[in-house]
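Here the structure comes first, spelled out in structure tokens, and everything after it is commentary.
The values are calculated or read from the model by the stated rules, or taken from the named source; none is laboratory data. Predicted, not measured: the structure shown is a model, and the values here were computed from it. Backbone-built Cβ (ideal geometry, glycine too); neighbour counts: all protein chains shown. Please note that ligands, DNA and RNA were not included when accessible areas were found on the heavy atoms of the full protein model with its side chains. Shrake-Rupley method; radii C 1.70, N 1.55, O 1.52, S 1.80 Å.
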Protein chains: 2
Amino acid sequence: MIGRRSGPATRAAIQRVALELFTKKGYEATSLREIADELGIQKPSLYYHFKGKEDILRALLDERGDEAEQLLEWISRQPQRPELIRAAVLRWVQSFSAEKLRGIRFLSANPLVARTFEGRTDDRIGSTLNQLIDALAGLLPDRSPAKVLQLRMALLSINAAVDAATSTPFTDEDILAAANAGAIAQIDALLATG
Amino acid sequence: MIGRRSGPATRAAIQRVALELFTKKGYEATSLREIADELGIQKPSLYYHFKGKEDILRALLDERGDEAEQLLEWISRQPQRPELIRAAVLRWVQSFSAEKLRGIRFLSANPLVARTFEGRTDDRIGSTLNQLIDALAGLLPDRSPAKVLQLRMALLSINAAVDAATSTPFTDEDILAAANAGAIAQIDALLATG
DNA sequence: GTCTATACGGTGATAGAC
DNA sequence: GTCTATCACCGTATAGAC
């Protein structure tokens, strides 16, 4: 669909369209011409706002929040007991509003692109998530690899719920509820073991 | 890496390399030249074996097994009680050997590509999985959307485990064990509700 | 801030020699 | 079965007019 534009294309508008197309068709499969068409401008006009395609992607990734850092810091201030795992995971899962699901959907649709960018720049997604896992894994009664991996799965419940809901009529509320219930079930099983 | 080849490139060899590259770099980001280089042949030689890039992808997708159909048929022959859910999900998760994780990894790395192909051809991945969900959802004590979605998450535990293990040193055995434990935890929670 | 025009490389793909 | 040569096309990117 080619949209008639009302005013000048802003960075925010470009990012909005790019996020939508990257999520629907994938980063690699989306051309700058498609983004420009959707905005009703010409392809070279995008280069006034961004250095190139990768720069648009970088801007989208930089928009992420710092919930992971905040949670990590919160954890360090709590008494280090196994029950902290449950509280922390629930805090994490519940920090995702319906609005933030857009970001999750983008990452789910473009797992390799996100992973490629993890290496460069600051990389606040992956590494902080790993620190989070490490901090919580230390509290596990049974710290075998399978258990640690299951803890990781619990933290990634939102991603799993989003993936499970693709191509279905489930609502954002359903997804958040299922992610929450799923995380609880995993954590309960992990804490019951030890 | 450019490989010296010993004999003629077979369809199987091409598929092997393609699966590896598609998984590592993504379908769109992988060029036919890269596949040819890896095999030590020239790009046009691939066209003797396959009609084109998409044909290679199709061949890979057609290689999938029919575990879903078999499980669906098995379910229909069992007494339709809530406990059947647990048995069925465990059968499903345990049908994935370390070997079959290659397929899961490919699908995880290329979610949109797989989804695009679901529409065309026979599509045995998605639709059969949906039938599986429907058959099991009918046995749920509580059939609210969030519960049905969580059932879906339980079935997709292998995918979630693979995703959770990417960029980590977890072994295939760890992944299968965590997927199994995760599925059990989800199902137990679902059955305890009603 | 957006346009037209243009250059460049790489891609999927085909024809035809061997 | 593999090659060389070649194609049209597309996406990225830049220069310069308005």
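Which numbered condition in (1) within 16 Å of DNA strand D (Cβ to nearest atom); (2) open to solvent by 30 Å² or more (accessible area, probe 1.4 Å) is the only one that A:Glu99 fails?
Failed condition: (1).
Please tell me if B:Gln94 is surrounded by fewer than 16 Cβ atoms within 10 Å (Cβ to Cβ), away from every other protein chain (no Cβ under 14 Å) and away from DNA strand D (no atom under 16 Å from the Cβ).
It is true that B:Gln94 is surrounded by fewer than 16 Cβ atoms within 10 Å (Cβ to Cβ), away from every other protein chain (no Cβ under 14 Å) and away from DNA strand D (no atom under 16 Å from the Cβ).
Only one of these is within 7 Å of chain B (Cβ to nearest Cβ), on the phi < 0 side of the Ramachandran plot and surrounded by 22 or more Cβ atoms within 10 Å (Cβ to Cβ): A:Ala185, A:Ala177, A:Ala189. Name it.
A:Ala185
Would you check if there is a residue in the stretch B:43-66 being open to solvent by 80 Å² or more (accessible area, probe 1.4 Å) and of a type in the set (Lys, Arg)?
Yes, there is a match, as at least one residue in the stretch B:43-66 is open to solvent by 80 Å² or more (accessible area, probe 1.4 Å) and of a type in the set (Lys, Arg).
List the number of the failed condition for A:Asp134; all other conditions in (1) touching a residue at least 40 places away in the same chain (Cβ under 8 Å); (2) within 14 Å of chain B (Cβ to nearest Cβ); (3) loosely packed, with under 15 Cβ neighbours inside 10 Å hold.
Answer for A:Asp134: the failing condition is (1).
Residue-wise test of (1) at negative phi; (2) of a type in the set (A, V, I, L, M, F, W, C); (3) at pLDDT 95 or above; (4) not assigned by TED's automatic domain parsing to the domain that holds A:Gly26.
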| residue | (1), (2), (3), (4) |
| --- | --- |
| A:Arg81 | yes, no, yes, yes |
| A:Ala88 | yes, yes, yes, yes |
| A:Trp92 | yes, yes, yes, yes |
| A:Ala109 | yes, yes, yes, yes |
| A:Arg115 | yes, no, no, yes |
| A:Leu136 | yes, yes, yes, yes |
| A:Arg152 | yes, no, yes, yes |
| A:Val162 | yes, yes, yes, yes |
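Taking the residues in the stretch B:21-48 that are within 9 Å of DNA strand C (Cβ to nearest atom), assigned to a loop (DSSP other than H, G, I, E, B) and more than 10 Å from every other protein chain (Cβ to nearest Cβ) as candidates, determine which candidate is farthest from B:Thr116 (Cα to Cα).
Restricting to residues being within 9 Å of DNA strand C (Cβ to nearest atom), assigned to a loop (DSSP other than H, G, I, E, B) and more than 10 Å from every other protein chain (Cβ to nearest Cβ), the top hit is B:Gln42.
For B:Ser108, are the conditions met, namely being in contact with an Asp or Glu (Cβ under 6 Å, 6 or more places away or on another chain) and within 11 Å of chain A (Cβ to nearest Cβ)?
The answer is yes for B:Ser108.
Does the stretch B:67-82 hold any residues that are surrounded by 13 or more Cβ atoms within 10 Å (Cβ to Cβ) and either touching a Leu at 6+ places or on another chain (Cβ under 9 Å) or within 15 Å of B:Ala137 (Cα to Cα) (or both), and which are they?
Those that are surrounded by 13 or more Cβ atoms within 10 Å (Cβ to Cβ) and either touching a Leu at 6+ places or on another chain (Cβ under 9 Å) or within 15 Å of B:Ala137 (Cα to Cα) (or both): B:Ala68, B:Leu71, B:Leu72, B:Ile75, B:Pro82.
Keeping to the stretch B:13-33, report how many residues are more than 13 Å from B:Lys53 (Cβ to Cβ) and open to solvent by 70 Å² or more (accessible area, probe 1.4 Å).
Total satisfying the criteria: 4.
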